[in-house]
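The values are calculated or read from the model by the stated rules, or taken from the named source; none is laboratory data. These numbers come from a predicted model, not from an experiment. Neighbour counts are summed over all protein chains in view; Cβ atoms, including those assigned to glycine, are modelled from backbone coordinates with ideal geometry. Note: areas computed on protein heavy atoms with side chains; ligands, DNA, RNA excluded. Shrake-Rupley method; radii C 1.70, N 1.55, O 1.52, S 1.80 Å.
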Amino acid sequence: MSSPTAPSTPPATSLRRPLLAWASWDWGVASFQAVITTFVFTVYLTGTVAADEASGSSALATTIAISGLLVALVAPVWGQRSDAAGKEYGRQRRLGVLTALTVVATVLMAFVTPVPSSLLLGLVLLAAGTFTYELAQVEYNALIYRLAPPGRTGWVSGFGWAAGYVGGIVLLVVCFVFFLSDAPVFSFAEPGMSVRVIAVICAVWLAVFGLPVLFMRFPYPPPPGDEDAARVSVLGSYRLLVRRLARLYRDDRHLLGFLVSSAIYRDGLTAVFTFGGVLASGTFGLTPGDVIIFAIVANVVSAVGAVVGGWLDDRVGPKIVIMVCLAALVVTAGGMLFASGPTAFWIGGTFLSLFVGPAQACSRSYLVRLVPPGREGELFGLYATTGRAVSFLAPALFALFITLFGAQRWGILGIGIVLLLGLATLIPVRAVAGSAAAGEEAVRT
């Protein structure tokens with residue numbers, strides 16, 4: 001494949017506005033990530049709406065699994081069909097539609113009352129919002145191609161991740177102070193009303209901060225449309241995807257290897273936050289208030305790490321940054337396995353948070369460097385799919401080691417093994433000059 005000539009780097013003034021508009025979406029979607037799916041609405045469903053926490057948790061897990069399966073089946077073909085268009089504002093329009101659907105699902109959560117009969121409605125809305133959010137991520141990530149100048153991909157990706165972390169921090173603080181603390185600014189006599197109001201706030205937050213990217217003119221034009229994908233039907237898109245995966249295995253195993261490796265270690269990175277609060281309380285003795293404070297601190301540290309990691313990415317390359325972060329995470333997890341007390345958790349948890357941010361940001365920028373032009377949507381769709389395909393791994397090992405050794409702290413070992421496996425499978429991956437996995441300069445038009 002011949003490499004198109006990269007354009008000159010646009011001046012800083014021309015990059016600033018589109019970068020802020022693009023990162024604003026990450027800031028806005030933190031309302032769904034941090035508040036709806038992590039700390040507030042899902043807890044409300046299992047702890048208040050469901051008849052009992054055990055059945056609610058089981059129903060929630062089943063719902064997330066079904067939504068994840070749908071994403072895995074649809075995301076790569078959605079991305080491929082998106083690539084086929086190749087129009088100036090096409091990707092932004094599709095991002096706008098998916099964002100709007102996520103907003104609608106979120107605002108409707110205000111109708112989920114604290115009675116068991118509302119559980120199904122809450123789960124359906126959560127599944128629908130998660131599905132549209134994941135597809136929106138495919139479109140959003142692919143816009144990096146039209147934004148990042150050569151040599152700045154890592155910094156741009158890190159800036160976006162940091163914006164998401166900070167947006168989550170701000171909104172969590174607002175929700176805690178105004179609605180969820182022991183002495184909130186606003187209190188309601190009706191049970192569950194605080195969470196229902198928060199759902200509306202999250203929807204408005206996403207709608208407002210998700211708008212700028214939809215109307216921004218980016219520095220670089222879209223890559224040429226995927227002509228092969230444009231000629232086939234939706235069913236034909238699946239056949240084309242299978243042929244391309246087979247060709248990827250034959251001709252570009254490094255790109256395929258990265259998709260597999262990143263799926264493994266990204267599952268471990270997700271588990272660090274997913275089970276961090278559980279471990280903080282159950283193993284290290286933090287109070288519920290301390291857990292919320294730590295969550296805010298962890299997001300701040302992760303945001304700083306994402307920015308610094310993006311800066312290093314552009315200087316030493318994303319693979320080195322990811323490998324250093326994964327190694328640091330494994331070592332820190334090993335130390336925490338034998339530690340005890342709140343102080344140990346604060347120290348170890350802060351180190352974990354510091355390395356999660358850059359690993360996530362650099363993973364996105366590494367894929368940008370590996371993907372051939374015109375297929376960014378399809379490959380980011382596969383990026384989402386492979387991540388979903390192994391999303392059971394860290395939770396399963398977390399539960400397995402707790403069962404085997406009879407103590408919650410041994411779940412840390414399960415997370416550490418997933419991160420180590422991700423590191424081991426990343427080592428042989430490299431970008432091969434002159435192939436479909438050519439360098440970052442080759443993906444500019």
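Details
- Arg91 among the basic types (Lys, Arg) and modelled with pLDDT under 80: no
- Residue check for Leu95: surrounded by fewer than 18 Cβ atoms within 10 Å (Cβ to Cβ) and of a type outside the set (Ser, Thr, Tyr): no
- Those residues of region 231-282 which are touching a residue at least 60 places away in the same chain (Cβ under 8 Å), part of a loop (DSSP other than H, G, I, E, B) and open to solvent by 30 Å² or more (accessible area, probe 1.4 Å), in sequence order: Phe275
- Among the residues making up region 172-188, those that are surrounded by fewer than 16 Cβ atoms within 10 Å (Cβ to Cβ) and closer than 28 Å to Pro116 by Cβ are Ser181, Asp182, Pro184, Phe186, Ser187, Phe188.
Listed here are the residues, each with its yes/no results for (1) farther than 26 Å from Ala65 by Cβ; (2) of a type in the set (S, T, N, Q); (3) open to solvent by 10 Å² or more (accessible area, probe 1.4 Å).
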residue	(1), (2), (3)
Val115	no, no, yes
Val124	no, no, yes
Ala127	no, no, yes
Tyr133	no, no, yes
Gly160	yes, no, no
Val170	yes, no, yes
Glu190	yes, no, yes
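- The number of residues in region 177-189 that are in contact with a helix residue (DSSP H, G or I) (Cβ under 7 Å, 6 or more places away or on another chain), at pLDDT 85 or above and not in a loop (DSSP other than H, G, I, E, B) comes to 1.
- Top-ranked residue in region 226-238 [being modelled with pLDDT under 80 and within 26 Å of the chain's Cα centre (by Cα); ranked as nearest to Ser14 (Cα to Cα)]: Asp226
- Residue in region 36-59 that is at pLDDT below 85, assigned to a helix (DSSP H, G or I), hydrophobic (A, V, I, L, M, F, W, C) and within 18 Å of the chain's Cα centre (by Cα) present: yes
- Of the residues Val213, Val204, the single one that is surrounded by 23 or more Cβ atoms within 10 Å (Cβ to Cβ), closer than 25 Å to Leu95 by Cβ, at pLDDT 80 or above and of a type in the set (Val, Ile, Thr) is Val213.
- Residue in region 239-252 that is within 22 Å of the chain's Cα centre (by Cα) and closer than 24 Å to Glu139 by Cβ present: no
- Of residues in region 420-441 being open to solvent by 50 Å² or more (accessible area, probe 1.4 Å), more than 25 Å from the chain's Cα centre (by Cα) and more than 18 Å from Tyr145 (Cβ to Cβ), the one modelled with the highest pLDDT: Ala433
- Residue among Val138, Val124 that is of a type outside the set (D, E, K, R), closer than 30 Å to Arg315 by Cβ and within 25 Å of the chain's Cα centre (by Cα): Val138
- Filter result for Val40 (crowded, with 17+ Cβ neighbours inside 10 Å, touching a Gly at 6+ places or on another chain (Cβ under 9 Å) and aliphatic (A, V, I, L, M)): no
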